[in-house]
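Enquirer: Once you've had a glance at the structure underneath, I'll fire off some questions.
The values are calculated or read from the model by the stated rules, or taken from the named source; none is laboratory data. Since this is a predicted model, take the numbers as computed values, not measurements. Ideal geometry is used to build each Cβ from the backbone, glycine not excepted, and the neighbour counts take in all protein chains shown. Please note that ligands, DNA and RNA were not included when accessible areas were found on the heavy atoms of the full protein model with its side chains. Shrake-Rupley method; radii C 1.70, N 1.55, O 1.52, S 1.80 Å.
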Amino acid sequence: MLSYPSTIPLSSRTLNHLADLIRQHRSQHRSRWRRLAPGRQALLALAHLRNGDTYTRLAAGFAVGVATAWRYVQEAIVLLAAVAEDLVTAMRRIRRLAYAILDGTLIPIDRVADQKPYCSGKHKRHGVNVQVIADAAGRLVWASPALPGSAHDLTAARVHGIIDALTSADVMTFADKTSDGRSCQAAMVAAAGIGKAVVSR
């Protein structure tokens, strides 16, 4: 089998942050010896999360079993989720923005046993719906928990409380149009009473 070096378009700060979380987790739980050091586990997890490398490829590249690669990634996801801001906390920063950008995205996933809820008719593939709020430079401010891919953006925004949060924050919000020419997010914000939603084409 051949191997080759690759890159992950992330900063070393991101790697160090995740490695520190893993190190603290191991210390708190007095974890026994692990095959990979915290920095290597963080690198493995980021390769999967950012580049989409499969568990089989990661297992071969890091000289661990496929089950171990899966376990390392799942552990990293739990640790990252635990330190993620909720919407209420994120709105403190969003209120200070000149304007916010709201958009929904479908993150592709492998097929699961109960496929129907995760099949997006719009994208014609399986995935999860994530709502994202970004600043004027396009930097991520907040990302919602994932819902099944069949969820409509407007439904997802209501479920996560984004409508109420943006109404309270009174921040100008940019949103794109859907495939049928309507702006789900912009209509949602305007209907909520903000009156500052701007539609981009």
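Enquirer: Give me the mean projected area, in nm² to one decimal, of the convex hull enclosing the Cα positions of the chain. Provide the component values of the computation, followed by the final result.
Expert: Numbers: hull surface 54.7 nm².
Value for the chain: 13.7 nm².
Enquirer: Report the full-extension gain for the segment Arg95 to Thr167: residue separation times 0.36 nm, less the Cα-Cα distance, to one decimal in nm.
Expert: Gain in length upon complete extension: 24.8 nm.
Enquirer: To the nearest 0.05, what FRET efficiency results for Val83 and Lys116 with a Förster distance of 45 Å applied to their C-beta separation?
Expert: Details: r = 33 Å, r/R0 = 0.73.
Rounded to the nearest 0.05, the efficiency is 0.85.
Enquirer: With all protein chains present, how much of the accessible area of the chain (probe radius 1.4 Å) comes from carbon and sulfur, to the nearest whole percent? Walk me through the intermediate numbers first.
Expert: Values: 6750 of 12360 Å².
Reported share for carbon and sulfur atoms: 55 percent.
Enquirer: Which of Gly65, Gly104, Ala146 sits closest to the plus end of the dipole of the chain, meaning its Cα is farthest towards the positive end, when Lys and Arg get +1 and Asp and Glu get -1 on the C-beta?
Expert: About the Cα centre, the residue reaching furthest to the positive side is Gly65.
Enquirer: For segment 7-156, what does the accessible surface come to per residue with a 1.4 Å probe? Please give it in Å². Intermediate results must be reported in sequence, preceding the final value.
Expert: Numbers: 9170 Å² over 150 residues.
So segment 7-156 comes to 61 Å² accessible per residue, rounded to a whole number.
Enquirer: Between Trp142 and residues 5 or more places away or on another chain, which pairs have amide H atoms under 5 Å apart, with H built 1.01 Å from N, and which residues are they?
Expert: Ile133
Enquirer: How much length, in nm to one decimal, is gained on full extension between Arg139 and Arg32, taken as 0.36 nm per residue of separation minus their Cα-Cα distance? Don't skip to the answer; put the middle values down first.
Expert: Numbers: separation 107, 0.36 × 107 = 38.52 nm, distance 3.80 nm.
Between Arg139 and Arg32, full extension yields an extra 34.7 nm.
Enquirer: Could you tell me what percent of the DSSP beta bridges with both partners in the chain are antiparallel, to the nearest 5? Mind showing how you got there, number by number?
Expert: On the way: 15 of 21 bridges.
In the chain, approximately 70 percent of DSSP beta bridges are antiparallel ones.
Enquirer: Once the Cα atoms of helix 12-28 and of the chain are each reduced to a long axis, what angle between those two axes, in degrees from 0 to 90 to the nearest 10, is obtained?
Expert: 70 degrees
Enquirer: How many nm separate the modelled label positions at Gln24 and Arg71, each set 7 Å beyond the Cα in the direction of the Cβ?
Expert: 2.4 nm
Enquirer: So, with +1 on the Cβ of K and R and -1 on the Cβ of D and E, and no other charges, what is the size of the charge dipole of segment 1-112 about its Cα centre, to the nearest 20 debye? It would help to have the intermediate numbers written out before the result.
Expert: Details: 16 positive and 7 negative charges, 85 e Å.
About 400 debye.
Enquirer: Mind putting a number on the dipole of the chain about its Cα centre? Charges go on the C-beta only, +1 for Lys and Arg and -1 for Asp and Glu, and I need it in Debye to the nearest 20.
Expert: Values: 26 positive and 14 negative charges, 115 e Å.
Dipole size: approximately 560 debye.
Enquirer: Rounded if a/c is under 1.5, else prolate if a/b is larger than b/c, else oblate: which is segment 1-83, with a ≥ b ≥ c the root eigenvalues of its Cα gyration tensor? Write out the running numbers ahead of the final one.
Expert: Details: a/c = 1.87, a/b = 1.32, b/c = 1.42.
Oblate, because a/c is 1.5 or more while a/b does not exceed b/c.
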